[in-house]
Amino acid sequence: MARWFGSAGAVTPWRNLRWVFTAVWLIFLAYPIGAVATSDHSTATKAIGFTLLTLFALSYLLASVYLLTGTAETDLRGVPLFVLLVLLMVGLFPIIDENAFGAAPFLMVVAAFCFPTRWALICVAAVVVASVALPRLFGWHTDASIVLVLLAVGLTMLGFRFVAVREGEREREEERRRELNARLAVVAERERVARDVHDILGHSLTVISVKTELAQRLIELDPERAQRELGEVNQLTRDALAQVRTTVGRIRTPDLPDTIAGVDSALHAADIVATLPEPTVETLHAELFAWVLREAVTNVVRHSGAQHCEVLIDGSSMSVHDDGRGLGDAEHGNGLRGLRERVESAGGTVHFDSDSTGTTVRVQIS
């Protein structure tokens, strides 16, 4: 059920308005609806026709929201839905004859966006052939305009499918490129750390080794010099330890430009539109703002279900705003509690403004 109706941490499909592009075409059900209304059948038969069309419209609307996103990915959930739509359309044939083909374009849309390309071609071709063959088989009036409309819709939907496939391939290639760049960045960082540690410890440990050996030999021959050598060894050890701590600190401390770039990538991956400051933004609190930005955007991606996130940073303040569902119980979680403690320990204040229309995290440094 979560696949159809979303989960607590995902963007609700109804809020992703891409479905409107396909749902808007339900207006063309006006033709079979008009055919039912003007038919010579009894009121009960007309009621059955309107019921079938209502079920057809609702089924297609659900398909628009949860399946017909225009992506290149096939979704086999569309198979039973396609069969259901076919059965509903077939149920209209005894009532409105060839006018039931007014619902056929919607079958083409489902096939084009849910089925593998080959099956989509077969289904579209089958619908067009049926629009010609069935009227001749049952002696109905053959309406050439319906056939032409179905051909136009079928070719258009297949064209959209082709574009979606190409776009999907491009996006996957771009994602692979981003992943490769991320891996290369990790490798480069590891090599830099390895060089730093080698330069720091390699030289210091070599000197310490030489001086301790010398001091060992001088303990009896020249105790004063041995003591000086041991003092220098002690100082070298302290210096090396300080340099190692500095290196580790650089690894653990987030860099604001790098954090902004990482946030941009994370929001993009979560399909959230990002409005971010330039990585070169100047502030005296870059380290603190990097911590706040990382924690706040992590919550946006994981919990908000937002479609847009805006980050503002100036010299002494920053804000992170999203249009998601609000913090709820997350406002009292460990992550945000730790963020508040970090800001307050730096002499600043943090405010969380949250309701069902979104959340804003504001940090002000005195």
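Out of all the residues in the range 45-65, is one or more at pLDDT below 85, out of contact with any Leu (no Cβ under 6 Å at 6 or more places or on another chain) and among the small types (G, A, S)? Yes, the range 45-65 has at least one match. Scanning the range 335-365 for residues that are under 18 Å from D322 (Cα atoms) and hydroxyl-bearing (S, T, Y) yields S354, S356, T357, T359, T360. Of the residues making up the range 107-152, those that are aromatic (F, W, Y) and surrounded by 12 or more Cβ atoms within 10 Å (Cβ to Cβ) are F113, F115, W119, W140. Among the residues of the range 268-315, those that are of a type in the set (D, E, K, R) and more than 15 Å from the chain's Cα centre (by Cα) comprise E278, E282, E287, R294, E295, E310, D314.
Among the listed residues D271, D258, identify the single one that is assigned to a helix (DSSP H, G or I) and at pLDDT below 85. Please lay out each step first, then the result.
Details: D271 fails: assigned to a helix (DSSP H, G or I).
Of the residues listed, the single one that is assigned to a helix (DSSP H, G or I) and at pLDDT below 85 is D258.
Apart from one condition, T283 fits all of (1) out of contact with any His (no Cβ under 9 Å at 6 or more places or on another chain); (2) modelled with pLDDT of 85 or more; the exception is (2).
The requirement of being at pLDDT 80 or above and of a type outside the set (K, R) is fulfilled somewhere in the range 172-191, by at least one residue. Yes or no: the range 253-267 includes at least one residue that is touching a residue at least 60 places away in the same chain (Cβ under 8 Å), within 30 Å of D353 (Cβ to Cβ) and under 40 Å from the mean Cα position of the chain (by Cα). Yes, some residue in the range 253-267 is touching a residue at least 60 places away in the same chain (Cβ under 8 Å), within 30 Å of D353 (Cβ to Cβ) and under 40 Å from the mean Cα position of the chain (by Cα). Would you be able to say whether some residue in the range 28-43 is more than 27 Å from L137 (Cα to Cα) and modelled with pLDDT of 85 or more? Yes, the range 28-43 contains a residue that is more than 27 Å from L137 (Cα to Cα) and modelled with pLDDT of 85 or more. Annotation note: Cβ proximity below 6 Å between a residue of the range 23-39 that is without any contact (Cβ under 8 Å) to a residue 24 or more places away in the chain and a residue that is surrounded by 18 or more Cβ atoms within 10 Å (Cβ to Cβ) and among the aliphatic types (A, V, I, L, M) (sequence gap 6+ or interchain) occurs for I33/L53.
The values are calculated or read from the model by the stated rules, or taken from the named source; none is laboratory data. Computed from a predicted model, the values in this text were never measured in an experiment. Here the Cβ is made from the backbone with ideal geometry for all residues, glycine too, and neighbour counts use every protein chain on show.
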